[in-house]
């Protein structure tokens, strides 16, 4: 069943197989991606980190990270899930569980090699999610969301060291609220000063907490949210560069083009052409 991601309430899952060596070129999703390698192996490059994902590996990619893969051992069989920010926030509320998907401190590892004793249970999670998605029965999204939440809980219990945040604290709860605020208001002219005043906390202290917890500075996180949405518009619409600039929260098209090129290495127009060819 092939369903467009944007048409299915911010969620998609697909099972795929490759039987010849394949290079999957660098690509981007304005969504969170989880890949479960069932058999074979592939080389993944996510941002500036390289991984060899073999049988029963889990890969986590957030909505800021461009990535590519090349198939090495055949047959290469995997599930991949795409989740929008809205979908994820609707079904996964705990900031510890969200941390493996959202936060990227320097030491973060995108890949978990599952132990043999855990293969069957994680395979069953993906089988359930795939079945619910394909059958599209009543409450299927609720079942999918609940299964993802349960899978993340199970993953945390078995592999807690892979989660950037391991204990609930007032700091983690605060940073989670700030992340959510940015995600909901990145199109607006928001500032760290405004957010720190709202939470009655020193601006410089909040800046340091945010960087230490998420791996991103406040401005970097805000710009990344805007650019992620801009790339989605560039790929998925025919809007002009000026309109894309306005829709994603930049108030000057020249500034938008300059920031985009600094981060992506190409202009927005060239990015669109490269992705659509």
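Take the residues of segment 252-274 that are outside any helix (DSSP H, G or I) and in contact with a helix residue (DSSP H, G or I) (Cβ under 8 Å, 6 or more places away or on another chain): which is surrounded by the fewest Cβ atoms within 10 Å (Cβ to Cβ)? Lay out the reasoning, then the answer.
Here is the first cut: in segment 252-274, the ones outside any helix (DSSP H, G or I) are 252, 265-267.
Those left that are additionally in contact with a helix residue (DSSP H, G or I) (Cβ under 8 Å, 6 or more places away or on another chain): 252, 266-267.
Numbers: 252: 11, 266: 13, 267: 15.
Applying the filter and picking the extreme gives 252.
Here are the criteria: (1) out of contact with any strand residue (DSSP E or B) (no Cβ under 9 Å at 6 or more places or on another chain); (2) loosely packed, with under 14 Cβ neighbours inside 10 Å. Tell me which single one residue 25 does not satisfy.
(1)
If we keep just the residues of segment 162-201 that are in a loop (DSSP other than H, G, I, E, B) and under 21 Å from the mean Cα position of the chain (by Cα), which is surrounded by the fewest Cβ atoms within 10 Å (Cβ to Cβ)?
Across segment 162-201, the extreme among qualifying residues is 166.
Among the listed residues 168, 134, 128, identify the single one that is out of contact with any strand residue (DSSP E or B) (no Cβ under 7 Å at 6 or more places or on another chain) and free of Cβ contacts under 8 Å to residues at least 60 places away in the same chain. Steps first, answer last, please.
Values: 168 fails: free of Cβ contacts under 8 Å to residues at least 60 places away in the same chain; 134 fails: free of Cβ contacts under 8 Å to residues at least 60 places away in the same chain.
Going through 168, 134, 128 in turn, the sole match is 128.
Which residues, taken from segment 202-224, are assigned to a helix (DSSP H, G or I), free of Cβ contacts under 8 Å to residues at least 12 places away in the same chain and under 23 Å from residue 250 (Cβ atoms)?
Within segment 202-224, 203, 211, 220 meet the criteria.
Going through 76, 36 one at a time, which residue ends up being assigned to a strand (DSSP E or B) and in contact with a helix residue (DSSP H, G or I) (Cβ under 9 Å, 6 or more places away or on another chain)? I'd like the intermediate steps shown before the answer.
Numbers: 76 fails: in contact with a helix residue (DSSP H, G or I) (Cβ under 9 Å, 6 or more places away or on another chain).
Exactly one of 76, 36 is assigned to a strand (DSSP E or B) and in contact with a helix residue (DSSP H, G or I) (Cβ under 9 Å, 6 or more places away or on another chain), namely 36.
Conditions: (1) assigned to a loop (DSSP other than H, G, I, E, B); (2) touching a helix residue (DSSP H, G or I) at 6+ places or on another chain (Cβ under 8 Å). Residue 144 meets all but one. Number of the miss?
(1)
Here is a yes/no grid of residues against (1) crowded, with 19+ Cβ neighbours inside 10 Å; (2) over 14 Å from the mean Cα position of the chain (by Cα); (3) at pLDDT below 95:
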site	(1), (2), (3)
43	no, yes, no
57	yes, yes, no
96	yes, yes, no
100	yes, no, no
115	no, yes, no
125	no, yes, no
131	no, yes, no
137	no, yes, yes
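Output the number of the condition that residue 138 fails; it satisfies all remaining conditions of (1) closer than 23 Å to residue 173 by Cα; (2) assigned to a loop (DSSP other than H, G, I, E, B).
Of everything listed in (1) closer than 23 Å to residue 173 by Cα; (2) assigned to a loop (DSSP other than H, G, I, E, B), residue 138 misses just condition (1).
The values are calculated or read from the model by the stated rules, or taken from the named source; none is laboratory data. As the structure is a prediction and not an experimental result, all values here were calculated from the model. A quick note on method: Cβ atoms are made from the backbone with ideal geometry, for glycine too, and the neighbour counts reach across all protein chains shown.
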